[in-house]
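Bear in mind these aren't lab numbers, they're just calculated from the coordinates by the rules spelled out. A quick note: this is a predicted structure, and the numbers were derived from the prediction, not measured. Note that each Cβ is placed from the backbone with ideal geometry, even for glycine, and that neighbours are counted across all protein chains shown.
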Amino acid sequence: MLSRQRQLQTKLHKLLDAAIFGVAFWLAHWLRSLPLFEPRILDFSTYRWLLLVIVPLAPPVLELQGFYRRPLLSSRTQTLWQLAKAATWISFAFITVLFFSKNEGARGLPILFIPVAAGLIFAKEELSRQWAKARFGGNASRRRVIVLGSQARETPAHGETDQLENAIRLGSLGDIEVVAHADLHTTRPNELANLLHDTSANAVIISPRQALFGDIEQAIQICELEGVEVWLLADFFQTRLSQTTADDLNGQPVLVFRTGPDASWQALAKTAIDFVGALLLLICTSPVILLAALAVKFTSPGPVLFRQQRAGLNGQPFTMLKFRTMVTNAEQLKQELAQLNEMTGPVFKVTNDPRITGIGRHLRRYSIDELPQLWNVLSGEMSLVGPRPLPVDEVRHFDDPAHRRRLSVKPGLTCLWQVSGRNNVCDFQEWVRLDLEYIDNWSLWLDIKILIRTVPAVFAGAGAK
């Protein structure tokens, strides 16, 4: 199934799931109001307003669980687990809303809601599964396609079209039927037209690898005249990491090869969370920021803030802010301490660094020195979660070009390295591995988990060296 069709189906499923969660809330209330439960619950009209919380929240929570990215015939156990987690999070959400709105809660209602909501969505998924099997079991609903590619002359069984046909057969649910395949180089225009007539195909898949653009254009023109769709595979080049997406630039079709996270509603939500979160943190920690500034000012000579050029998105330099925790000539003393460096690679880290001031050691221990970076987040130079920004000079000394891929996202206040025992990570390769693991597996839910894990790490005093 093409991605655009899958996206349309996903939108329909999201609307249906939102409605089902609303029905599940009503049904859970009805079950709770049965005489076998005591004490009796208030009328549903008392809680009806909670639908304004539950219904719009359901699709995003399911999305965060990866519910809409799983295969149609995925494991039933996996489906149930995702549904149970989503229903639990939504149950916590309306419990929280009830608590802060000082409305009388219904004991047992949130607990009943979880299995009812998960059960109803699971039943819907089972019906969808059976409907898909029945629908694609008949010929009428199948897409009949012709595969055009490069046939291997010596070993036809291993030709490009045969490999593509096997991939379609394994990856589809029977919704695509390969009715013929031909060599893109040798098939003449009239032969392709006759093949379209004989097979009644409604799509042609072209694998352009090792093909001339003239051959591809000719095949597309024949399909245009016949009114038949053409699916041109974007596998011209063998990439190891990049995800390929189609887009347009001022009306011109383009293929985008991207290794970082794609633009999506999750990316927009991350930007909004960065701004709102940084603003709230600045307001909430303003007394701590003021006390820290005064402590730095009156305990050591020099400026309160330390400004340094750090490598931002794609290496773009920006001025990162911190409370000054070292003596003013720390950069000059760095060369004298080079032999004490405990990190491999270009990064400089020393336990009990003699350049750190007395108050600076306490600020670092609880990461208070990082609080000014909230302004960098507000200005869009950093994110709450992302690889830690390195000095521009250290980035210039990367000995492996692959390390620069950690610059493909905005740097952050905290990341996997921060919550994975950063004082124990002395290998720069391991540091980069954790950053790339974050980039390759990024999701809004991963950011939330890292932020949650950061809180105990800060209070435990697992600060920077």
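Worth pointing out:
- Ordering of 225-231, 56-62 by packing [mean C-beta count within 10 Å, highest first]: 56-62, 225-231
- Listed peptides 363-372, 267-276 by packing density, highest first (mean Cβ within 10 Å): 363-372, 267-276
- Scanning residues 5 or more positions from I206 or on other chains, those with amide H under 5 Å from its amide H are L148, W231, L232, L233, with H placed 1.01 Å from N in the peptide plane.
- Simple spin-label estimate for R70 and L225 in nanometres, 7 Å along Cα-Cβ: 4.9 nm
- Length gained when the stretch E437-V455 is fully extended (0.36 nm per residue, less Cα-Cα span): 4.4 nm
- Take each peptide in 326-335, 435-444, count the other Cβ atoms within 10 Å of every residue, and average; sorted highest first, the result is 435-444, 326-335.
- Measuring against 32 Å, Cα to Cα, the residue pairs K85/K410; K334/K449; K270/K349; K349/K410 contain K334/K449 as the ones spanning a longer distance.
- For L255, L374, order by how many other beta-carbon atoms lie within 10 Å, fewest first: L255, L374
- Extension gain for D198-V327 works out to 38.2 nm (0.36 nm per residue, less the C-alpha to C-alpha distance).
- Stretch gain in nm, segment D262-F213, where the contour uses 0.36 nm per residue and the Cα spacing is subtracted: 14.8 nm
- Under 5 Å, built H, 5+ apart or other chain: amide partners of M326: T357
- Residues whose placed amide H lies under 5 Å from that of R143, excluding near-sequence neighbours: I176, E177
- FRET efficiency for the pair V288 and D400, taken as 1/(1 + (r/R0)^6) with r the Cβ-Cβ distance and R0 = 30 Å, rounds to 0.20.
- Phi-based couplings in Hz for the range 220-233 (Karplus 6.51, -1.76, 1.60; Gly and Pro marked x): 5, 5, 4, 5, 4, 5, 8, x, 10, 5, 10, 10, 8, 5
- Here the calculated FRET efficiency for W89 and L31, from their Cβ-Cβ distance with R0 = 22 Å, stands at 0.60, rounded to the nearest 0.05.
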